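This report concerns only the one structure given below.
Every number in this text was worked out from the coordinates using simple rules, so none of it is lab data. Computed from a predicted model, the values in this text were never measured in an experiment. Please note: Cβ atoms are built from the backbone with ideal geometry, for glycine as well, and neighbour counts cover all protein chains shown.
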Amino acid sequence: MHEGSQITLKVNKYERNPIASEECIAKYGTNCRACGMNFKKNYGDIGEGFIHVHHIKPLNEIKEDCKVNPETDLIPVCPNCHAMLHRKYEGRYLSIEELKKLLKSINA
C-alpha cells in the first residue's frame, strides 16, 4: 500500500474572523464547553490558551458573508468534541447540548 502521492485539489474555504474567536474565548474561557477538557491542565504550559472555536451554525450552511456574534454564534470546544460536532450521528449533526448529553450518558 502506497501513501504520500501529491494531488491537487480545488476547495472552498470560508473566511474566519480571528477577533471573533478571541472574543468567544474571552467570554467563555478555554475549557471545552462539551466535555470540560482544559489543555493547560492536561498538557501544562504547551496547552496554555489552546482551544478550538466552533460555529454553532456552520458557515457552509449560511453560504454568504455574515456578521458573527462571538457570544451567541461561537463556542469553545476541544478538537475531539469539535470533530464529533462535525460528524453525523443518526443521520444528523448534534448540537453542543446534545453532545454534552451523549457524553454524560456514556460516562455515567
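Compute the longest continuous run of the chain that contains no exposed GluC sites (Glu not before Pro); treat a site as exposed when its DSSP state is not H, G, I, E or B and it has at most 14 other Cβ atoms within 10 Å.
16-47
Could you pull out the chymotrypsin sites (Phe, Trp or Tyr not before Pro) across the stretch 1-85 that fall in loop regions by DSSP (anything but H, G, I, E, B) with no more than 12 other Cβ atoms inside 10 Å?
In loop regions of the stretch 1-85 (DSSP not H, G, I, E or B), the sparsely surrounded chymotrypsin sites (Phe, Trp or Tyr not before Pro) are Tyr14.
Normalised by the number of residues in the chain, what is the relative contact order in percent for Cα pairs under 8 Å and 6+ residues apart?
With pairs under 8 Å counted, the relative contact order is 28 percent.
Within the set of other residues whose C-beta is less than 14 Å from the C-beta of Tyr89, count the net charge using Lys and Arg as +1 and Asp and Glu as -1.
+2
Given that just one value was derived from the coordinates, which of (i) 23, 20, 18; (ii) 22, 15, 12; (iii) 25, 15, 11 is semi-axes √(5λ) of the Cα gyration tensor in Å?
(i)
Please give the contour-minus-distance gain from Glu3 to Ile56: 0.36 nm per residue of separation, less the Cα-Cα distance, rounded to one decimal in nm.
Fully extending the segment from Glu3 to Ile56 adds 15.6 nm.
Name the long-range amide H neighbours of Val53: under 5 Å, sequence gap of 5 or more, or other chain; modelled H, no Pro or chain starts.
Sorted by chain and number, the residues that satisfy this are Val77.
Kindly provide the helix-only [θ] at 222 nm of the chain, computed as the sum of -39,500 (n - 2.57) over DSSP H runs of four or more divided by all residues, to the nearest 500 deg cm²/dmol?
-9000 deg cm²/dmol
What trypsin sites (Lys or Arg not before Pro) does the stretch 1-48 have in DSSP loop regions with at most 10 other beta carbons within 10 Å?
Answer in residue order: Lys10, Lys13.
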